[in-house]
1. Would you pick out the residues in region 244-299 that are of a type in the set (A, V, I, L, M), over 28 Å from S151 (Cα atoms) and in contact with a Ser or Thr (Cβ under 8 Å, 6 or more places away or on another chain)?
2. Out of all the residues in region 88-101, is one or more surrounded by fewer than 20 Cβ atoms within 10 Å (Cβ to Cβ), in a loop (DSSP other than H, G, I, E, B) and of a type outside the set (A, V, I, L, M)?
3. Find the residue count for region 154-175, including only residues that are farther than 16 Å from R132 by Cβ and either open to solvent by 10 Å² or more (accessible area, probe 1.4 Å) or of a type in the set (D, E, K, R) (or both).
4. Anything in region 6-64 that is outside any helix (DSSP H, G or I), of a type in the set (A, V, I, L, M, F, W, C) and open to solvent by less than 10 Å² (accessible area, probe 1.4 Å)? List them, or say none.
5. Out of region 114-153, which residues are loosely packed, with under 15 Cβ neighbours inside 10 Å and either in contact with a Pro (Cβ under 9 Å, 6 or more places away or on another chain) or assigned to a helix (DSSP H, G or I) (or both)?
6. Restricting attention to region 176-199, which residues are closer than 18 Å to L124 by Cα and open to solvent by 20 Å² or more (accessible area, probe 1.4 Å)?
7. On the given criteria, is V83 assigned to a helix (DSSP H, G or I), more than 29 Å from L161 (Cβ to Cβ), open to solvent by less than 30 Å² (accessible area, probe 1.4 Å) and of a type outside the set (S, T, N, Q)?
8. Here's a check for you: in region 212-265, which residue that is polar (S, T, N, Q) and touching a Pro at 6+ places or on another chain (Cβ under 9 Å) is nearest to Y143 (Cα to Cα)?
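The values are calculated or read from the model by the stated rules, or taken from the named source; none is laboratory data. Note that the structure is predicted; figures quoted are calculated from it, not measured. Here Cβ is always computed from backbone atoms with ideal geometry, including for glycine, and neighbour counts include all displayed protein chains. Heavy atoms of the whole protein, side chains included, go into the accessibility calculation; ligands, DNA and RNA do not. Shrake-Rupley method; radii C 1.70, N 1.55, O 1.52, S 1.80 Å.
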Amino acid sequence: MSDTPLAGRVAVVSGGGRGLGRSFCLALARQGAKVVVNNRNRVTDADGRGPADYVASEITAAGGEAVADYSDAADPAAGEAIVTAALERWGRLDICVANAAVGAGGMFHKQPAEQFGEVLEINLHGSVRLARAAMAVMRPAGYGRIILVASTGGLHGDVGLSAYAASKGGLLAFGRSLAAEGAGKGVLTNMLLPYALTQMTDDGMPASTRPRMDPDLVAPVLTALASPECRLNGEYLVTGGGRLRRASVVEWGTVLLPNGPGISPAQLDALLAESGRGEPREYRVAVDAFNDLMSGGGA
């Protein structure tokens, strides 16, 4: 494989100023991509430079091309602004990495509704708006790679992180929909579920675990998904610490409900246990699962 398999390609990365986003930007640039590094400027230095500026400078100092963008993912106009930055600078867009996210811990019944809503606005709606702007460019071009940075919290849930889990779970379902819609136009969408040390995971991380949580260990999977040679679409890829898993959503065997006005909890338990002994099945989209159930598939 060439050392610069992404030469000539243009990428946008939201939340690219720190942690995973920074690693993604640098890895894409090392493989030849030109990168729009997006990060909201909450903290700047004495010269007014923020995280995006520093990452863009790292890329250019190494001989690459990059431009900083300061749009806030919570801003409804951010997605369009980030994509426009790529088009105005390089006239194209090939790779979209929706990575910007925040986390706000707290038990659901105690968490203010405004805080819950902020997490959804940035993590889910911000990514959706960026993907929408990217898809509008990629579909007419007949090519694109969209990577949505989700979380296993969106697959499994987590105590005290209901807002974060809801936002990332929404991305997982959204991404499968995008994958189905874009495949015929050459636009492939995949979901990356990383384990890495970030601002959100830094607190309380044991020292023994930290080396395995290096964001740079996740970046190679991201660049593979961004490659023109990648044919994966609609996949959930769990990775961290130099390890990789394929994840999915499945439905188990089909069982028939008994005739009668209702079923008892004990009957329901037994039916679910019987279903669970069946073969797990994956479906491309929801209508495929519906048709299979109605036809008696998996019985």
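1. Passing the criteria: V255, L293, A299.
2. Initial filter on region 88-101 (surrounded by fewer than 20 Cβ atoms within 10 Å (Cβ to Cβ)): 88-92.
Subset that is in a loop (DSSP other than H, G, I, E, B): 91-92.
Now restrict to residues that are of a type outside the set (A, V, I, L, M): 91-92.
Scanning region 88-101 turns up at least one residue that is surrounded by fewer than 20 Cβ atoms within 10 Å (Cβ to Cβ), in a loop (DSSP other than H, G, I, E, B) and of a type outside the set (A, V, I, L, M).
3. Here is the first cut: in region 154-175, the ones farther than 16 Å from R132 by Cβ are 154-169, 172.
The next check asks that each one be either open to solvent by 10 Å² or more (accessible area, probe 1.4 Å) or of a type in the set (D, E, K, R) (or both); those that pass are 154-162, 164-166, 168-169.
Selection size over region 154-175: 14.
4. Residues of region 6-64 that are outside any helix (DSSP H, G or I), as a first pass: 6-18, 31-50, 62-64.
Within this subset, residues satisfying the condition of being of a type in the set (A, V, I, L, M, F, W, C) are 6-7, 10-13, 33, 35-37, 43, 46, 62.
Answer for region 6-64, where residues must be outside any helix (DSSP H, G or I), of a type in the set (A, V, I, L, M, F, W, C) and open to solvent by less than 10 Å² (accessible area, probe 1.4 Å): L6, V10, A11, V12, V13, A33, V35, V36, V37.
5. To start, the set of residues in region 114-153 that are loosely packed, with under 15 Cβ neighbours inside 10 Å comprises 114-115, 117, 132, 136, 140-142.
Matches in region 114-153: E114, Q115, G117, R132, A136, P140, A141.
6. We begin by selecting, within region 176-199, every residue closer than 18 Å to L124 by Cα; these are 176-179, 189-194.
R176, S177, P194 - these are the residues of region 176-199 that are closer than 18 Å to L124 by Cα and open to solvent by 20 Å² or more (accessible area, probe 1.4 Å).
7. Working: assigned to a helix (DSSP H, G or I): yes; more than 29 Å from L161 (Cβ to Cβ): yes; open to solvent by less than 30 Å² (accessible area, probe 1.4 Å): yes; of a type outside the set (S, T, N, Q): yes.
The answer is yes for V83.
8. Here is the first cut: in region 212-265, the ones polar (S, T, N, Q) are 223, 227, 233, 239, 248, 254, 259, 264.
Retained after the next criterion (residues that are touching a Pro at 6+ places or on another chain (Cβ under 9 Å)): 223, 227, 239, 248.
On the way: T223: 16, S227: 11, T239: 26, S248: 25 Å.
Residue satisfying both the conditions and the ranking: S227.
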